[in-house]
1. What's the number of the only condition in (1) in contact (Cβ under 8 Å) with a residue 60 or more places away in the chain; (2) over 20 Å from the mean Cα position of the chain (by Cα) that Arg93 fails to meet?
2. Of the residues in the range 262-279, how many are among the aliphatic types (A, V, I, L, M) and either touching a strand residue (DSSP E or B) at 6+ places or on another chain (Cβ under 8 Å) or not in a helix (DSSP H, G or I) (or both)?
3. Quick check on my filter: what residues within the range 124-151 are of a type outside the set (Val, Ile, Thr), in contact with a Phe, Trp or Tyr (Cβ under 7 Å, 6 or more places away or on another chain) and not in a loop (DSSP other than H, G, I, E, B)?
4. Is it the case that the range 96-115 has a residue that's free of Cβ contacts under 8 Å to residues at least 24 places away in the same chain, surrounded by fewer than 18 Cβ atoms within 10 Å (Cβ to Cβ) and in contact with a helix residue (DSSP H, G or I) (Cβ under 7 Å, 6 or more places away or on another chain)?
5. State whether one or more residues within the range 131-145 are more than 20 Å from Ala49 (Cβ to Cβ) and either within 17 Å of the chain's Cα centre (by Cα) or among the small types (Gly, Ala, Ser) (or both).
6. Just need a number here: residues in the range 187-234 that are in a helix (DSSP H, G or I), among the small types (Gly, Ala, Ser) and under 22 Å from Leu5 (Cα atoms).
7. Identify all residues within the range 40-57 that are farther than 20 Å from Gly116 by Cβ and in contact with a Ser or Thr (Cβ under 8 Å, 6 or more places away or on another chain); write none if there are none.
Amino acid sequence: MAYNLKQVMNKPERLTGGHRMCAGCGAPPVVRTILRALKPEDHAVCGAATGCLEVSTFLYPYTAWRESFIHSAFENVGATISGAEAAYTALKRKGKMDDTYKFIAFGGDGGTYDIGLQSLSGAMERGHDMVYVCYDNEAYMNTGIQRSSGTPKYADTTTSPQGTVLPGKQQFKKDLTAVMAAHHIPYVAQTTLTSNFKDLYEKAEKAIYTKGPAFMNVLAPCPRGWRYDTPDLMAICKLAVDTCVWPLYEVEGGVWKLNYKPKKKLPVENYLEPQGRFKHLFNKENKHLLEELQKDIDMKWEDLLRRCNEA
């Protein structure tokens, strides 16, 4: 699909600057890009589960949001936004509202993979016309960098510390994108901050304007929890894609489609090495752990290729 970049960039800014998100954080450019996919004449009702995004963009009485915004508890942004969508649908049906509103929920991996999974699953199963966006920074960053079920295996966090007994988290990351695809909803996408934002923007537009429930899982690195240099945000995302740690794909109407296949699949070490949370894996005695991670990535990549008829 072709876009006029100038027209896209001149669209209204729905999340302003001046918020308190960290330098080098992936969440703000993710949110800005997704909201930019809205048509200029449309409005949005946005909700955010308690987390970094919420506490840093909405400090009463100040807000960085130029759209209607609802702060939900950690566990229920899916229920909150689905309820707002149901009320809007009823008002439209009764002729009491003419404007076009879109309904978008945002949650981190803690509020999505874990605490908010029940309300997310319910909202998707009921078929609400809404988008749920997980900005996945792979830990409970807002409350002190604790591990979640979205945290990768062997990552060093405050509740899965690496040391002489254990080399970090002991479980593999939950495949939430596939879990949501199993709900048989109209649209599911996995994406991140690629160099030209094209993949994220196109998937956001498709999710927002596909009738019915849609889910986007967006890798959004965290410089504090991942311990990388803040200017390296985009480079980290590109390495996640080129190592196939975080493949770009979508499931539309039940059909799996791969959006990007690296010309040369890079080894997982290229992605892990710039991140302090994996520093211990490069000790000589942990070479077998890197081999284990590479084997798991290769297996999952081949499985995805089969699902997408790319094998």
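1. The single condition Arg93 does not satisfy is (1).
2. Final tally of qualifying residues: 1.
3. Met124, Tyr132, Tyr135, Gln146 - these are the residues of the range 124-151 that are of a type outside the set (Val, Ile, Thr), in contact with a Phe, Trp or Tyr (Cβ under 7 Å, 6 or more places away or on another chain) and not in a loop (DSSP other than H, G, I, E, B).
4. Looking through the range 96-115, at least one residue is free of Cβ contacts under 8 Å to residues at least 24 places away in the same chain, surrounded by fewer than 18 Cβ atoms within 10 Å (Cβ to Cβ) and in contact with a helix residue (DSSP H, G or I) (Cβ under 7 Å, 6 or more places away or on another chain).
5. no
6. Here the count works out to 2.
7. Correct list: Glu41, Asp42, His43.
Residues are listed down the side, and each one gets a yes or a no for (1) of a type in the set (Asp, Glu); (2) over 14 Å from the mean Cα position of the chain (by Cα):
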position: Leu200; (1), (2): no, no
position: Ala214; (1), (2): no, no
position: Gly225; (1), (2): no, yes
position: Asp232; (1), (2): yes, yes
position: Trp246; (1), (2): no, no
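Each value in this text was obtained by applying a stated rule to the coordinates, not by laboratory testing. The shown structure was predicted, so the numbers you read here are calculated from the model rather than taken from an experiment. Counting neighbours? That spans all protein chains shown, and the Cβs are built from the backbone with ideal geometry, glycine included.
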